[in-house]
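The values are calculated or read from the model by the stated rules, or taken from the named source; none is laboratory data. What you see is a predicted model; the values in this text were computed from it and never measured. Cβ: placed from backbone, ideal geometry, glycine included. Neighbour counts: every protein chain shown. Accessible surface areas use protein heavy atoms only, side chains included; no ligands, DNA or RNA. Shrake-Rupley method; radii C 1.70, N 1.55, O 1.52, S 1.80 Å.
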Amino acid sequence: MSAAPGTNGVLVDRYGRVARDLRVSLTDKCNLRCTYCMPAEGLPWLAGPELLTDEEIVRLVRVAVERLGVTEVRFTGGEPLIRPGLVGIVTAVAALRPRPRISLTTNGIGLDRLAPALSAAGLDRVNVSLDTLDADRFTRLTRRPRLDAVLAGLAGAAAAGLSPVKINSVLMRGVNEDEAPALLRFALDHDYQLRIIEQMPLDAQHGWDRSTMVTAEEILTSLRTVFDLSPDPAERGAAPAETWLVDGGPARVGVIASVTRPFCGDCDRTRLTADGQVRACLFATEESDLRAALRADADDDELARRWRTAMWGKRAGHGIDDPTFLQPTRPMSAIGG
Ligand code: SF4
């Protein structure tokens, strides 16, 4: 562990991890009301002036790519598709050099309409959240009858040439944990890549309960009732998902087990919120304000220096198993995946 962040170069933390993957939340708003994320009435949204403008977002991403060694940029939310300037932001980020790989995490609503323009703008790949294939269950889980729109979004992404098209599914005990094999079958039939995620303590209601979380072990057991899963020989690197070959491959399935099999030791993520705060970790309880510096005419060197300092203090891991664990006050909907 060395003593202080460098004055130039990459986003290294005191454990020697280097952040190359920037997650940018473009809004805290969403057009769904998933029960494990927010209450039915929604949340007190960030006010307009608090939100970074499109130009401010592009500038901060440019600083990250040109000065801080970021090679991957993922746009998230809330729901990023509802951000009016999304296509313009993707176009500007795709013009950066060295060109980062650009991805999006979305609930898929409206993706069928926007995918061609996003693909043309430079979007490379997409993750679509889908926790059930049952229309009634979808409506209960999201409080909106929009399953068809999500399925159309997936098909639209594939048709627009985004690749891979991944599905992110969260399973909850007594709600949809029986659907793991069906979701994998659906993904295989459509050439999508399934990622099943352990539910994390990031909901706005702070109602997460470990006993209702479906563990990686349970997910794998459920999948193995239908499929033969074998270890994936491919290098995992810093990827959140642990992957298995399905029925001998080449198809794969991934499990993101943040709680029972944490992967913090290889974490390469840094996050920017829609209101210009740097979060060193998904579960960070501190943030560093770049918006204020930006609006006080800080130059790129200063913004880069502040970002390095913010990442330097990153904790070793999320600490969920630690008795002192504190769930972040900022909900998942305002952090992004
Ligand atoms: S919990 Fe934090 S440190 Fe761990 S993998 Fe996620 S972002 Fe990285």
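Evaluate the charge dipole of the stretch 11-335 about its Cα centre and quote only its size in Debye, nearest 20, assuming +1 on the Cβ of each Lys and Arg and -1 on the Cβ of each Asp and Glu. Intermediate results must be reported in sequence, preceding the final value.
Details: 41 positive and 45 negative charges, 107 e Å.
In total the dipole reaches around 520 debye.
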Original post:
Where a ≥ b ≥ c are the square roots of the eigenvalues of the C-alpha gyration tensor, would you call the stretch 132-281 rounded, which needs a/c under 1.5, or, failing that, prolate if a/b is larger than b/c, or oblate?
Top reply: rounded
Original post:
What relative contact order, as a whole-number percentage, does the stretch 11-335 give when Cα pairs under 8 Å and 6 or more residues apart are counted?
Top reply: 22
Subject >> Residues whose placed amide H lies under 5 Å from that of V165, excluding near-sequence neighbours >> reply: Q193
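Stokes-Einstein at 10 °C, 1.306 mPa s, Kirkwood radius from Cα pairs: D for the stretch 36-88 in µm² s⁻¹?
Reported coefficient: 120 µm²/s.
Using a 1.4 Å probe over the heavy atoms of the protein chains, calculate the carbon and sulfur portion of the accessible area of the chain as a whole percent. Could you put the intermediate results ahead of the total?
Numbers: 7380 of 13890 Å².
Answer for the chain: carbon and sulfur cover 53 percent of the accessible area.
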Original post:
the stretch 253-275 to the stretch 130-176: how many Å between their Cα centroids?
Top reply: 21
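If you build the convex hull over the alpha carbons only and average its shadow over all orientations, what do you get for the stretch 224-268? Give it in nm² to one decimal.
Values: hull surface 14.0 nm².
Across all orientations, the stretch 224-268 yields a mean hull projection of 3.5 nm².
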**OP:** Step through the residues of the stretch 105-122 one at a time and calculate ³J(HN,Hα) from phi using the Karplus curve (6.51 cos²θ - 1.76 cosθ + 1.60, θ = phi - 60°), rounding each to whole Hz and writing x for Gly and Pro.
**Re:** 10, 9, 8, x, 6, x, 5, 4, 7, 8, 4, x, 5, 5, 5, 5, 6, x
Subject >> MRE, 222 nm, helices only [DSSP H, n ≥ 4, -39500 (n - 2.57), over the chain, to nearest 500] >> reply: -8000 deg cm²/dmol
Original post:
Hey, what's the Kirkwood Rh for the stretch 11-335 if you take every pair of different alpha carbons, in angstrom?
Top reply: 20.1
Subject >> trypsin sites (Lys or Arg not before Pro), loop per DSSP, at most 13 other Cβ atoms within 10 Å - longest free stretch of the chain >> reply: 1-223
Subject >> For the chain, the longest site-free run once GluC sites (Glu not before Pro) in DSSP loop states with at most 16 other Cβ atoms within 10 Å are removed >> reply: 42-234
Subject >> Listed residues L32, L194, S288: farthest to the positive end of the dipole of the chain (Cβ charges) >> reply: S288
**OP:** Would you work out which of G313, V255, S230 lies farthest towards the positive end of the dipole of the stretch 185-337? Charges go on Cβ: Lys and Arg +1, Asp and Glu -1.
**Re:** G313
